[in-house]
1. Among chain D residues, which Cβ is nearest the axis of the D-onto-E rotation, and at how many Å?
2. Largest first and in whole Å, what are the equivalent-ellipsoid semi-axes of region C:1-84 based on the Cα gyration tensor, each being the root of 5 times an eigenvalue?
3. From the phi of every residue in region E:33-38, what ³J(HN,Hα) in whole Hz does the Karplus formula 6.51 cos²θ - 1.76 cosθ + 1.60 yield, where θ is phi - 60° and glycine or proline is x?
4. What does the net charge come to around residue F:60 if you take all other residues with beta carbon closer than 11 Å to its beta carbon, with K and R at +1 and D and E at -1?
5. For chain C, what is the convex hull (Cα atoms) projected area averaged across all directions, in square nanometres?
6. What is the distance in Å between the Cα centres of region F:31-101 and region B:81-144?
7. Using the Kirkwood radius over C-alpha pairs as Rh, can you work out the diffusion coefficient of region B:69-113 via Stokes-Einstein at 20 °C, viscosity 1.002 mPa s, in µm² per second?
8. List the lysines whose alpha-carbon lies under 24 Å from that of residue E:119, not counting same-chain residues fewer than 8 positions away?
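Each reported figure results from applying straightforward, stated rules to the coordinates on display, with no laboratory input. Since the structure is predicted, the reported quantities are computational estimates derived from the model, not experimental observations. Ideal geometry is used to build each Cβ from the backbone, glycine not excepted, and the neighbour counts take in all protein chains shown.
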Protein chains: 6
Amino acid sequence: MSQLPVVEIRRREEFCAAHRLHAPNLSDGENLALYGPCNTLHGHNYSVEATVRGPVEPGTGMVMNLTDLMRLLQELLIGEVDHKYLNTDVPFLADVIPTAENLAVAFWNRLQPQIETFKGCQLTRIRLYESQNNVAEYCGLTTP
Amino acid sequence: MSQLPVVEIRRREEFCAAHRLHAPNLSDGENLALYGPCNTLHGHNYSVEATVRGPVEPGTGMVMNLTDLMRLLQELLIGEVDHKYLNTDVPFLADVIPTAENLAVAFWNRLQPQIETFKGCQLTRIRLYESQNNVAEYCGLTTP
Amino acid sequence: MSQLPVVEIRRREEFCAAHRLHAPNLSDGENLALYGPCNTLHGHNYSVEATVRGPVEPGTGMVMNLTDLMRLLQELLIGEVDHKYLNTDVPFLADVIPTAENLAVAFWNRLQPQIETFKGCQLTRIRLYESQNNVAEYCGLTTP
Amino acid sequence: MSQLPVVEIRRREEFCAAHRLHAPNLSDGENLALYGPCNTLHGHNYSVEATVRGPVEPGTGMVMNLTDLMRLLQELLIGEVDHKYLNTDVPFLADVIPTAENLAVAFWNRLQPQIETFKGCQLTRIRLYESQNNVAEYCGLTTP
Amino acid sequence: MSQLPVVEIRRREEFCAAHRLHAPNLSDGENLALYGPCNTLHGHNYSVEATVRGPVEPGTGMVMNLTDLMRLLQELLIGEVDHKYLNTDVPFLADVIPTAENLAVAFWNRLQPQIETFKGCQLTRIRLYESQNNVAEYCGLTTP
Amino acid sequence: MSQLPVVEIRRREEFCAAHRLHAPNLSDGENLALYGPCNTLHGHNYSVEATVRGPVEPGTGMVMNLTDLMRLLQELLIGEVDHKYLNTDVPFLADVIPTAENLAVAFWNRLQPQIETFKGCQLTRIRLYESQNNVAEYCGLTTP
C-alpha cells in the first residue's frame, strides 16, 4: 500500500460557564493576592478545540469523521460543562482549580482515550480559550 | 454658523461575569421550565456598546472625545460588573433578573444622564452581547 | 400599569449552502455579464440574524424567550436551507433568484407571521450575511 | 406594477493607514491634552461599510450590483487612502482632522453622489471602524 | 556571516465554493450514512493559510515577500477554486473527494514546489478552514 | 514528586502604530519596487501573542500567572509601541526595518529574558499579526 498523507483535523465547540479561582490550601488573603479579580465568582464564553492526527483514509478522504469528533466533544465535554458552575457542578472537575491550564488538561484526559479507539488516530492538542486574549494548550506532555 | 454633520460614535467594552436566570415570583419548577439551562449558574464574556449622537465640533473633529466615552463606560459599567456575579454582587442590579434585556436597560439608565452632560450629545443605543449569537438593544423607548 | 421598556433582541444562526445567480429571463451571456463569477455554482457559510422588538415582561425580564426565537429560526429557516442547494432544494425558495436581497425577504416572509403570535412582539429586521463583507437587510418596507 | 420590497445592502472594505490627531487652531499643549496618545503619529487597520437602500429589481433580485458597490468603494475610497498617511497624502482629506467622525463624513460626501446615479438607490449609512472598539457612523444628517 | 533568525510567515486568503462529499466506491446509501448532510450539495466561505519558514534576510527584513506569497496563493489556488464547484470544475481536484483533509493536501502539493524556488524558504503548513469550527492542517507528513 | 502536566499559555495584546518599509542600503526606486505600497507611511492595528510553556504548579493550577504575563507584555512591548511611529519613536526598534518578521524577533528578544525569571517557564513563540491576513511567528530558532 502506498504512503498516505498524515493530516490534523480540528473541531471547535463553545460553552458558557461560571468559575472562580480559589486554591484550597491558601488563605482567603493569599487567594485574593494570587488570583485578583478572578478570585470572585464570574464566568466566560469558553471555546475548546480538539486536534486529531492521522492518515487520510483514501476511500473516504477523512482522518476521522468530523461528525464523530463533534459528537465526542458534545457528549464528553460540552454536555458536562455548558451552563454550569465549574467549581462544584461537574463531577470530572471535582478537586480541580478551574484555571485555563487545568481545564485543558482535564479535557485532554477525558477525551484522549476515546480518540484512541478510532483506527490510526491520536489526539495531539487541546486548546482552551477563556477569551480571545487568554488561551491554554495541552499536548499530553509531562515533566520527567 | 453653518450646518454641522451629525454623527454617531460607538465604543465597545468587554467584561466577564456570572449570572443565572431566576424569577423570584415563580416556583423552582416554573423557573426551570422558563429558563432551561440558563436557570443554573453560568457565565459569559459580555460585550457592551454605547452609541452617542451629536454634531461634529469643527475645531476638534469630534462628537465627544472617545476617551471620555471609554472612561465613562469603564467607571460606570465595567468597573461594577467585570468579574462579578451579576445576581448578587452589583448594587445597581439589585432586584434585576439579569437577562440580556434587563442588563441593556439598566446600563442605559446608568449611563444616559452622564452622556447628557456633554454639550449636544445624546445616548442613542445600548447594545449588550451575551455572545455573538444573543444580543439585546435598548434605545430608551417605553410602552405608552 | 407602569410604562415598560421596549427592547430589541437578536439571535444569529449559521448555515452552509450552495447557490448560483441566474435570472431565468436573461440569456446565458447576459447572466454572465450581470452576475460575473456568481453565475457559476459556488457556496457560502451564511449567517442570518433576526431582530424582535417588544416590551420587557417584568415577571421574566424577557421580550420573548431567546430559546423560542432560536427554535423558530432552526425550524423555519436553518432546517430548510442548511447543507442545501438553494436554487433547487428548498420549497419556499422556488422561483427565487437566491441573491442576498431575495433571501432576506424570503426569510422575513417565512418568519414574520410566527413572531406575531408572541404577545407584543414584532419582527423588525432580518439581516443576511453572505460573508463578513456582503450583507442584505430587510425590515418589511415596500415601495408605495 | 406591484409593490417591491425595499432592502438595504452593505459592503465592507478594509484599508491600512497612518494618522495623527492635531487641530491647527490649538497649541501643541492643547492638542496633547485633547487627543492624548492619538496626537502622535500612529495607524490602524480601518474598515469602512457602505449601506445602500433601494427596491429589489424583480428581474435580477438585486438592489444594486454588489460588484458595482465594491468597485465604487475601491475606486473612490480604498484606492485613495490605503497605505497612505491620511494627514497629508489624500487630496480629498486636505484640511480634515482625520478623526473617525470626519472620515465617515468625508467618505459619505465622496460616495453619495455616485450612488445616486444608480436608479432608485440611495446611500443610507457610512460606518467607519478604527478598530473593533471605536466606530463612527454618518447617515447624512446635519444640524438645523 | 552571523546567525540569522528563522521566522515563519503566514498569509490567509478566502474563497467561496460549493462541494458535496460522495465516495465513488460506495453506494448512495453508504455515502449518506458516512457523510450525512455533507453528502448533499452545499458550500462554504473557506479560508486557506500558507505558512513559509526561512531565515530573515538582513537587507530586507523579510523571509519572503508577503506580496509574492499572496500572488502565489491567488494564482495557484484562489483563482482556481473561488466561485467554483469543487467536485467538477477544478482540474487539479479531479478524482479528489473534496473533504477538508484532501483540500489541504492538494493545496500543499500545488503550492510546495513553487515555494521551494524562493531561496531558503520552505512551506511548513497548509491550514484549510471550512468554517471557524472545522479545520484541516497538512505539513507534508506521510505514513511510513 | 509526581509528574506534572506541561502546558502552554498564551496572552494576546493589541496596539496601533504607524510604519513604512524602507531599507537603508537600497535606493528609493529599489525600495518602491521591493516593498510596493508598504514603502509609504501607513499603519496597522497589530496583535501580538506570547506563548509560555511550563509545568502546571499543583498548588495554583497555573504555569505562570496570566496577569504577570499581561503586565510584562504591557510594560515591555505595548507601552513602548502603542500609538507610535515604529520607524523613529521606539528605542528598541532603532535600526530595525519594521517588517512583521523583524518585529516578531525584536519582541522575542525583549520579552524572553524576563520570562526566564519565572521558575520553570520558557517563552516558546511570539506571533505578530499585522492584520488577520499577514502574520509572522518566531520561536527563537536561528540558522546554523
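1. D:14, 6
2. 40, 15, 9
3. 5, 6, 9, x, x, 6
4. Neighbourhood net charge equals -3.
5. Mean orientational projected area (chain C, Cα hull): 10.5 nm².
6. 35 Å
7. Numbers: Rh = 10.7 Å.
Answer from the Stokes-Einstein relation: 199 µm²/s.
8. Those lysines meeting the cut-off do not exist here.
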